[in-house]
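Just so it is clear, none of the values below were taken in a lab; they were calculated from the coordinates. On a predicted model such as this, the values are computed, not experimentally measured, just so you know. So basically every Cβ, Gly included, is an ideal-geometry build from the backbone, and we count neighbours across all protein chains shown.
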Amino acid sequence: MTISIANSSPHVWLPLPVAAWQDTYQTLHLWTQIIGKIRLALAPKLNHWWHSTLYVTPRGLTTSTIPDGTRSFQITFDFLKHQLLIETSDGITKTIALAPRSVADFYQAVMRTLKDIGIEVQIWTMPQEIADPIPFEQDEQHAAYDPEFAQRFWQILMQADRLLTVFRAHYAGKCSPVHFFWGSFDLAVTRFSGQRAPEHPGGVPGMADWVTREAYSHEVSSCGFWFGGGSIEALFYAYAYPALESFKDYPIQPPAAFYSADMQEFILPYETLRQSDDPDAMVLEFLQSTYEAAANLGHWNCAALEYKPVLKG
C-alpha cells in the first residue's frame, strides 16, 4: 500500500539539535512527567497504558479530559502563551507560567493549584526512564525554559502528529491513538496484529517488568518520533514485538533509513528528512515499509487489517 498526501514545505521541519536545547529539553521532560502522572493516577485504566499519555494540540500538549468524581478537568501545556492551563467542567480556569523555574517549584505550584480547586491527587514523585532520577519535590537542578526551543519542540510534534495520524488512518485493526509518552518523551502510534505475543523478557531501563509486559502483551508494529538524547539526534523510529531475526535485514524505504543495532529498531534521522524536497513522502514511506516488514515477517492477516478510507466522488 502506498500512502500519499500533499507535500508540506520543508521549512515546517525546524532545526532542533539536542545540544542547542539540552537544558530546556531535560526540564520539559520532567514537567511532562508530573502532568502525565496526574492523568495516570486519576484516569480509568486502559490497556497498554493508553490512559497515561498526552496528546498534541494546536497550542501544545494536553492530558485530555480527566474525571474527578462527577466533574472533570484537563491540563494543557500552551507553548504559544507559555503557560500551563488547568480547566475544570465547573468553569474554573487556572494558569501557571512556563518560565525558567525548577522542577521542584513547578511540582509544588501544580499540586498547590489542584488542591486549591478541590482536586486531590497523589503521584509517585520519582521520574521514570531517566538516568540518575531526582524526586520532583527535591529537584532544584533542572530549571531551564527557553520559549523559542519550547515552541520548536511543539511545532515539530505537530508535524509528526499529522503524519502519524495519516498513517494510522489506513489500518482497520486494533491501533493505539497517536499519543505522547512522557516517560520516553516520544510521540508514537502502534498497530496490533490481534494475536497474543510471547511474554516480554523485561529489563527495560527505568521501567518495571510488569509495566513492560502489559505494554507488549500482544504482537505490535510500533513507530514514532523521538527527540534524541546524548549523542543521538532526533529521529523517526519503527520496531516490532516480537521481532524475528530477519526483521533487521528487511528491505525498507527510503534509502536513507537503516536498522540501528544499538537501538534495535529502524531509524530515519530527522536531519535527513529536513534536507529532503519531500519530507512527508519520506516519512510515510518509512512508516509503511517498516510496518510491512513486521506484518509480512509475522504473517499478519494484512488483507483484513489494512484499510483505505472511502472518499466521495
| field | Hydrodynamic radius by Kirkwood, which averages 1/r over all alpha carbon pairs of the chain, in angstrom | value | 20.5
| task | Would you please give the residues with an amide H less than 5 Å from that of residue 98, counting only those at least 5 places away or on a separate chain, with H modeled from the backbone geometry? | result | 83, 84
| query | Where does the stretch 18-138 land on the Kirkwood hydrodynamic radius, alpha-carbon pairs, in angstrom? | reply | 14.9
| query | For all pairs of alpha-carbon atoms in the stretch 147-305, what percent lies in each bin of width 10 Å, listed from the first bin to the last filled one? | reply | 10, 41, 38, 11, 1
| message | So if I restrict to the alpha-carbon atoms in the stretch 251-302, what is the Rg, and what is Dmax, the biggest pairwise distance, in Å? | response | 11.8, 36
| query | Against the longest alpha carbon principal axis of the chain, how many degrees, from 0 to 90 and to the nearest 10, is the axis of helix 22-42 turned? | reply | 80
| Just how far, in whole angstrom, is the stretch 241-313 from the stretch 185-238 if you go by their alpha carbon centroids? | 15
| query | Which Rg and Dmax, in Å, describe the Cα atoms of the stretch 103-203? | reply | 18.2, 47
| task | About the Cα centre of the chain, how large is the charge dipole given +1 on each Lys and Arg Cβ and -1 on each Asp and Glu Cβ? Please answer in debye to the nearest 20. | result | 1000
| note | Of the convex hull drawn through the C-alpha atoms of the stretch 94-136, the volume per residue in Å³ is 82
| Which whole-Hz couplings ³J(HN,Hα) result when phi for each residue of the stretch 234-247 is put into the Karplus expression 6.51 cos²θ - 1.76 cosθ + 1.60, θ = phi - 60°, listed in order with x for Gly and Pro? | 4, 6, 8, 9, 7, 8, 10, 9, x, 9, 6, 4, 7, 4
| Which value results for Rg/Rh of the stretch 174-241 when Rg is the Cα radius of gyration and Rh the Kirkwood radius based on the inverse mean 1/r? | 0.97
